[in-house]
Amino acid sequence: MTAPLHEPTAEAAPSAADEAAVATAGVKAVQGRSLGRIAWGRLKRDKLALTGGVVVLVLIVIALLAPVITNLVGQDPNDYHENLIDPLFGTPTGSLGGISGDHLLGVEPVNGRDIFARIVYGAQISLLVGFLSAVVAVILGTVLGILAGFFGGWVDSVISRVMDGLLAFPQLLFIIALVSVMPNSMLGLTGTGVRVFVMILVIGFFGWPYIGRVVRGQTLSLREREYVEAARSLGAGRFYILFKELLPNLVAPIIVYTTMMIPTNILTEAALSFLGVGVKPPTASWGQMLSSAIDYYDSDPMYMVVPGVAIFITVLAFNLFGDGVRDALDPKGSR
Amino acid sequence: MLAYLIRRLFAAAVMLVVIILVVFSIFFLVPKWAGVDIALSFVGKQADPAAVEGVREKLGLAEPIYSQVWEFFKGIFAGRTYSGGGDVTHCAAPCFGYSFKSEQAVWPVLTDRFPVTLGLALGAAVLWLVFGVAAGVLSALKRGSLWDRGAMVVALSGVSLPIYFTGLLASAIFVFGLKWFDGRYVPLSDSFSGWFGSMILPWVTLAFLYAAMYARITRATMMEILGEDYIRTARAKGLKEQVVIGKHAMRSTMTPILTMLGMDLGALIGGAILTETTFSLPGLGQAVLNAIKNQDLPIILGVTLITSLAVLIANLVVDVLYAVIDPRVRLA
């Protein structure tokens, strides 16, 4: 979603916003700066948001390079190191949960698996589910929201009632129920693959009304604008107006809601794995590590602290970045 | 007003029926599609075929799904009689059926566990409303100050911390480390002080999470409202700042807060699944989680009904309160 820049200015930098956002209001204003440029200019000054963005990038790299990183430190997430476990209590020998040069974040109680390697692999699950479920929600929410807002009438009534209904549902309960009854193999996927796939679908499905509402509201006001009327009077078809005239102007709110949705989804995935209906062991996931840590919160507190802090840093980074993006794209803000 | 209430109640009833249908579909159609037999999971893996058939007949699992749904609704209002395999059991209204696993009646399970969850949700809500809204208002009034930035950093951290981590951390520190609490739940009927003591940690941890959210929303809303014309008018009239903030600005700030409160409280009363799991509280959330893991449909149905009812009632109360707070809102 990186837009090339047209203006030959000294501070040439890639724009964070979609090229489409460029078309948004204010083009003619102040030296023809596009919304994308304005937003990037604001984001650049926001130190906290940039820090969040950098941490997010680092996390993505860690998740993508998980096998390389674990190879570098010479640990496999599923290797047992029972020699590092106190046979009497089942907790790691040595201080702070068995932290050492070999095991950067210590080892798990009982079987002695390397926590650093499991955290690195856990990032894969968290980010994969967080991002892809947001994608599912954004696609569903945008398409249905734009249809409801543009066509109105019974289309709007049906879609709006479904959105209201879904928002009134006890969501976590239904996500847990749906995820837990799904079969263990489908569409050629088995084991972890199927759990991840189901979580992406279910979390994404319950997330779309949030985006759908916003998109519907925006579409309702945009479709009355002069430029839409102008396009229509020039003979533009419905779908041309929908996708070429309206959608580009919806990009800013969609980006904002997507960045805010990702951390929520990461927390939901962790919650599902914590409750034992998400990713099944031995696959490493942060939520499931926390749930195993419940039994050792007194004897081996490090085991609980490490995945907890991992979730905290990830979600905080996304939240900081999301807040920054929201402020940067806010049309009410000063230019 | 009355017409509005009747229409809302009707919509709520339709919603409840839809929710029950969805739960039935999740637990009957999905396993069927996946090739799992529910009667089998009730009897156990090594049951003989005759026993499985007996269970299937007694619980009405062989009936088509629509008649099962009908029997379920009828049971709630009129009671229900199970017969099959020779013995007859009558279940008086409100009958939510019997647990597939423990064979206990579902209704007493619900009434036993409901107070635990209600106490948790209400106690935490009082805390987070007081502290969250106060922090948000102060931040908005002292925008950019040290207090504002400090409070917002804490709030942003708060919304980024899952309760199953803060809860464990709090238990490790205050139960195991400092030994201030013993970490066991004491029912309200045993002793008030015991119950209060055992709820302090869950209340504070749960409230911290929500207070962070409410502080952020309150601050944003308050700042927007302080820029409105009517606030300038109020100040120009020479009203005291306390009156401008306390009466004029607060009234509009409370509207979005109330919406959130309605939804959050409803969802929590229906089962604070994560909090109850973290602190081992014997509430509805814990019951439904175990039931989901055991595919114990009757318990799931019962808890889901109560949850949805709580969400719907909370939203209804909020909508009515809207009209009281904001005279621009008309219930029609």
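Coordinate-derived values only; no laboratory data. Nothing here was measured: the structure is a model prediction, and the numbers come from that model. Positions of Cβ are backbone-derived with ideal geometry, glycine not excepted, and every protein chain shown enters the neighbour counts.
Listing for the model above:
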quantity	calculated
Efficiency of FRET between A:Thr93 and A:Val135 - r from beta-carbon atoms, R0 56 angstrom, step 0.05	0.80
Spin-label proximity, A:Arg238 to the stretch A:138-168 - amide N less than 20 Å from point 7 Å beyond Cα toward beta carbon	A:140-162
For the stretch B:98-226: Kirkwood Rh in Å [reciprocal of mean 1/r, alpha carbons]	16.7 Å
For the stretch A:174-318, with +1 on Lys and Arg beta carbons and -1 on Asp and Glu, the positive-most of A:Leu178, A:Met304, A:Val279 along the dipole	A:Leu178
Sparse-neighbour loop sites [GluC sites (Glu not before Pro); the stretch A:212-297; at most 15 other C-beta within 10 Å; DSSP]	A:Glu224
B:Ile65 versus A:Asp298: modelled label distance in nm, points set 7 Å from Cα along the beta carbon direction	4.7 nm
Separation of the A:Leu48 and A:Leu65 label points, Cα + 7 Å toward Cβ, nm	3.0 nm
Range of Cα positions in the stretch A:122-329 per principal axis (Å), largest first	72, 38, 31
Extent along principal axes [Cα atoms of the stretch B:109-331; Å; largest to smallest]	63, 46, 31
Estimated dipole of the stretch B:109-331 in Debye, rounded to 20 [Cβ of Lys and Arg +1, of Asp and Glu -1, Cα centre]	820 debye
Added length on full extension, which subtracts the Cα-Cα distance from 0.36 nm per residue, B:Leu2 to B:Leu178	57.9 nm
Computed FRET value (nearest 0.05) for A:Asp76 with B:Glu228, which takes r as the C-beta separation and R₀ as 51 Å	0.25
